[in-house]
Every structure is written in structure tokens, then in C-alpha cells.
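This structure is in C-alpha cells; I'll ask about it shortly.
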Amino acid sequence: MMKALDRPIAAMQGLWLKATIKMAPPAAGPTTGMAGTSMAGRPLRVAVLGDSTAAGCGVDTHDESFTGWLARELASRTRRPVRWQVVGQFGATARRIRYRLLSEIGEDLDAAVLLAGGNDVMGGRLPDEWAADLAAIVDDLSARSGHVIVAGTPPFALFPSIPPALGRVLTARAEALDKASRDICRTRPSTTWVTMTEIPPRHFFATDRFHLSAAGYRRWSQIIADHIPI
């Protein structure tokens, strides 16, 4: 819950964070691949779209990123190979994802996962603006995929790099965007919103203390996999 002085303090803390934090770079290597190559059956087709979390900031390659872990998790659960694709960009907002990145996602997918919202929260976008872009993204992904998963916005108050007042302000903004996300997903078939309040513990963060580590991405992929009906 925000306190009376949180907003002015958060403004100063935001300037300090921007000047001092050194963000981890995106993951290197291929942005497509196959998990479970020794398994039989038609490969499941899975795509991940989004911001720096989709881009794998915090780990060296996509084998250790959210997408790599998700593909292996689904292969293990279904005993089928999983063909994966990831389209992510550091700093991407829902607007950029909608107009610049969405067209790069393939067709005939079994599942598509959207990892977005953090930059919209930090940029102070209004819930109505976020909702308009999110609805367009979800509708497009629904035409390409059998099921769409929308991950909730990050619980900023738990980030080790974010000071308390700033964390409370960002969390309040995130809650407003999440409400809009839930409303959009609720009215669309085969679309699921998944809360991120189950974010991994602090020691699951990367060295920049803002993005997840390989262990953090692995845990997050397990949470999302629980909601993919394949």
C-alpha cells in the first residue's frame, strides 16, 4: 500500500535508479529451436513475445531463458518435441510489441505467451492505453495460436534493485494494468491471464538485480506451463 510521501520520494528514487543501474543485456544465440528432439509425435509449436524478459536479459543464451526452459518443461510434460520461437526486445512497451514485433510471430501455434507490461508501468501508461494495445495483441495472437497466455506485470516491490517507495508506486500502477488485463482475457476464449505474484525469491535474480537469473526463468516457466492446456 502506498504511503503519503511515496510519489515525490519515488520520483527521486527513479532518477537515481536510472542513473546507477546497469541492465543485463539480452540473451545471445538463436531465437528459434527444438526441445525434446528424441521424443516422438508432432512437435508442439510455442512462441514467446515481449520485452526484455522475453529477450532473455539476465542470462547468456536462450537455452537458459524463459523460452528455453518453457520448451523443455512442455516437452517433459507432454513427452513430445517442442519447436520454439521467441521475439523480444529490451525496453519494448505494448505499443511497440503491437506495431513492431507482433508481425514476426509464426502461424499455426499451439500456444503463445506474452511477457509484457513492465515498461508500460515504468513509463506511466494509463490502463486504457495499455488495454487498447493488449486487446489488439491478444486478438492477433489468438488467430495464430490455439491458446494465449498473458503474464501479469512484475511485482516491482519485490525487485532487489528497486527502492521501497518506488516499488510501492510501481506496484500500484501494475495492479491497475493487471485489472485491465484480466478483463480482456476473461472475455476471450482460449486466453488466460496468469498472475506474477508468485515471482521467485530474491536470490533468483540476475546480477543486475532487476531481471531473472536462469533459476528464476526456470521457475517462471513452470508457473506459466501450469496454465497451458497441451
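The values are calculated or read from the model by the stated rules, or taken from the named source; none is laboratory data. This one's a predicted model, so the numbers in the text were calculated from it and none came from an experiment. Because the Cβ atoms are built from the backbone with ideal geometry, glycine has one as well, and the counts that use them run over all protein chains shown.
Which residue out of Ala47, Ala35, Ala40 is among the small types (Gly, Ala, Ser) and modelled with pLDDT under 95? Talk me through it step by step, then tell me what you get.
Numbers: Ala47 fails: modelled with pLDDT under 95; Ala35 fails: modelled with pLDDT under 95.
Result: Ala40 is the single residue among Ala47, Ala35, Ala40 that is among the small types (Gly, Ala, Ser) and modelled with pLDDT under 95.
Of everything in segment 206-222 that's in a helix (DSSP H, G or I) and touching a strand residue (DSSP E or B) at 6+ places or on another chain (Cβ under 7 Å), which residue is nearest to Ser145 (Cα to Cα)? Break it down into steps so the answer makes sense when it comes.
Initial filter on segment 206-222 (in a helix (DSSP H, G or I)): 214-222.
Subset that is touching a strand residue (DSSP E or B) at 6+ places or on another chain (Cβ under 7 Å): 216, 220.
On the way: Gly216: 26, Trp220: 21 Å.
This residue is Trp220.
Quick one: is Thr67 closer than 17 Å to Gln222 by Cβ, of a type in the set (S, T, N, Q) and touching a helix residue (DSSP H, G or I) at 6+ places or on another chain (Cβ under 9 Å)? Talk me through it step by step, then tell me what you get.
Values: closer than 17 Å to Gln222 by Cβ: yes; of a type in the set (S, T, N, Q): yes; touching a helix residue (DSSP H, G or I) at 6+ places or on another chain (Cβ under 9 Å): yes.
Considered against the rule, which asks whether it is closer than 17 Å to Gln222 by Cβ, of a type in the set (S, T, N, Q) and touching a helix residue (DSSP H, G or I) at 6+ places or on another chain (Cβ under 9 Å), Thr67 comes out as yes.
Would you check which residues across segment 45-63 are buried (at least 24 other Cβ atoms within 10 Å of the Cβ) and assigned to a strand (DSSP E or B) and list them?
Within segment 45-63, Val46, Ala47, Val48, Leu49, Gly50 qualify.
Please enumerate the residues belonging to segment 64-119 that are of a type in the set (D, E, K, R) and outside any loop (DSSP other than H, G, I, E, B). Break it down into steps so the answer makes sense when it comes.
Within segment 64-119, the first condition is being of a type in the set (D, E, K, R), and the residues that meet it are 64, 72-73, 77, 79-80, 83, 95-96, 98, 100, 104, 107-108, 110.
Answer for segment 64-119, where residues must be of a type in the set (D, E, K, R) and outside any loop (DSSP other than H, G, I, E, B): Arg72, Glu73, Arg77, Arg83, Arg95, Arg96, Arg98, Arg100, Glu104.
Could you grab me the full set of residues in segment 108-128 that are closer than 22 Å to His227 by Cβ and either aromatic (Phe, Trp, Tyr) or over 15 Å from the mean Cα position of the chain (by Cα) (or both)?
Answer for segment 108-128, where residues must be closer than 22 Å to His227 by Cβ and either aromatic (Phe, Trp, Tyr) or over 15 Å from the mean Cα position of the chain (by Cα) (or both): Asp108, Leu109, Asp110.
State whether one or more residues within segment 139-152 are in a helix (DSSP H, G or I), at pLDDT 95 or above and buried (at least 20 other Cβ atoms within 10 Å of the Cβ). Walk me through it before giving the result.
Step one: of segment 139-152, the residues in a helix (DSSP H, G or I) are 139-144.
Adding the requirement that they be at pLDDT 95 or above leaves 139-144.
Okay, now just the ones that are also buried (at least 20 other Cβ atoms within 10 Å of the Cβ), so 141.
There is at least one residue in segment 139-152 that is in a helix (DSSP H, G or I), at pLDDT 95 or above and buried (at least 20 other Cβ atoms within 10 Å of the Cβ).
Hey, can you tell me all the residues within segment 13-41 that are touching a Ser or Thr at 6+ places or on another chain (Cβ under 8 Å) and under 15 Å from Phe159 (Cα atoms)?
Passing the criteria: Leu17, Ile21, Met23, Ala24.
Just name the residue that is nearest to Ser161 (Cα to Cα) out of those in segment 18-75 that are basic (Lys, Arg) and under 19 Å from the mean Cα position of the chain (by Cα). Let's see the steps before the verdict.
First, pick out the residues of segment 18-75 that are basic (Lys, Arg): 18, 22, 42, 45, 72.
In the following step, the residues that additionally are under 19 Å from the mean Cα position of the chain (by Cα) were identified as 45, 72.
Values: Arg45: 35, Arg72: 30 Å.
My answer is Arg72.
Met34 fails exactly one of the following numbered conditions: (1) surrounded by fewer than 19 Cβ atoms within 10 Å (Cβ to Cβ); (2) of a type in the set (A, V, I, L, M, F, W, C); (3) assigned to a helix (DSSP H, G or I). What is the number of that condition?
Met34 satisfies all of (1) surrounded by fewer than 19 Cβ atoms within 10 Å (Cβ to Cβ); (2) of a type in the set (A, V, I, L, M, F, W, C); (3) assigned to a helix (DSSP H, G or I) except (3).
Only one of (1) farther than 23 Å from Asp139 by Cα; (2) surrounded by 24 or more Cβ atoms within 10 Å (Cβ to Cβ) is not met by Pro81, so which one is it?
Every condition holds for Pro81 apart from (2).
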